[in-house]
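Here the structure is laid out as C-alpha cells; the discussion comes afterwards.
The values are calculated or read from the model by the stated rules, or taken from the named source; none is laboratory data. Model, not experiment: these values are computed from the prediction. A quick note on method: Cβ atoms are made from the backbone with ideal geometry, for glycine too, and the neighbour counts reach across all protein chains shown.
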C-alpha cells in the first residue's frame, strides 16, 4: 500500500481543516489526533519517531508530509493488536471463564503494563466505557473493550444516588 484512496485523502484534508491552522498545516503536537482520525493507533514511541512534538510550534506538517507518515504507519499495523487480541489478553484475568474480571485488575493493568496510562486517563476511560461492578467487584470486559475500541458507542455509567 503506497497510496491513500481518494476518500482517505478527503479524510486527511478534513482533519487538517478541523485540527490545523489557517495556513492548512498541522502542528506536530496534534500528529497523534491526526493519525487516530485516519484509523491508526500507534504508541507514543512510534509517533515520536515519525515526528510528534511535545511543544507547540516546533514542527508544522503539510498534507503532502502527512500522507507518507500514514502510509508508513499502516505498514507496521500488525504490531498494534486488534480487538480480538485485547479480548484474549483480558481472558487471562477471567478466572471463572464467564466474561467477567476484577475491576481492580483492569485498573492495575492499565496503570502498569505496556504504554502506561495515568490515573486520570484510567478514570476517564472507566467513566466513558465501563459498566458498573457486580457484587463481587467484577466487570464484564467484552462490553468495555467494545466501547473502548468504538465498536459500541461509549456510555456514561449512571452515578449511584
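Give me the pairs: first residue in region 2-23 and free of Cβ contacts under 8 Å to residues at least 60 places away in the same chain and outside the structural domain of residue 57 (by TED's automatic domain parsing), second residue assigned to a helix (DSSP H, G or I) and loosely packed, with under 10 Cβ neighbours inside 10 Å, beta-carbon distance under 6 Å, and six or more apart or on different chains, which are they? From region 2-23, no pairs qualify. Residue count for region 42-55, restricted to those that are surrounded by 14 or more Cβ atoms within 10 Å (Cβ to Cβ) and touching a residue at least 12 places away in the same chain (Cβ under 8 Å): 7.
Among the candidates 101, 38, the residue that is assigned by TED's automatic domain parsing to the domain that holds residue 131, under 26 Å from residue 143 (Cα atoms) and touching a helix residue (DSSP H, G or I) at 6+ places or on another chain (Cβ under 6 Å) is uniquely 101. Considering region 104-133, and only residues there that are modelled with pLDDT under 85 and within 14 Å of residue 90 (Cβ to Cβ), the residue that is farthest from the chain's Cα centre (by Cα) turns out to be 113. Which of the following residues is part of a loop (DSSP other than H, G, I, E, B), modelled with pLDDT of 90 or more and out of contact with any strand residue (DSSP E or B) (no Cβ under 7 Å at 6 or more places or on another chain): 136, 152? Matching residue, one of 136, 152: 136.
Being in contact (Cβ under 8 Å) with a residue 60 or more places away in the chain and not assigned by TED's automatic domain parsing to the domain that holds residue 19 is a description that applies to residue 115. Taken residue by residue, region 64-80 has at least one member that is loosely packed, with under 13 Cβ neighbours inside 10 Å and closer than 24 Å to residue 143 by Cα.
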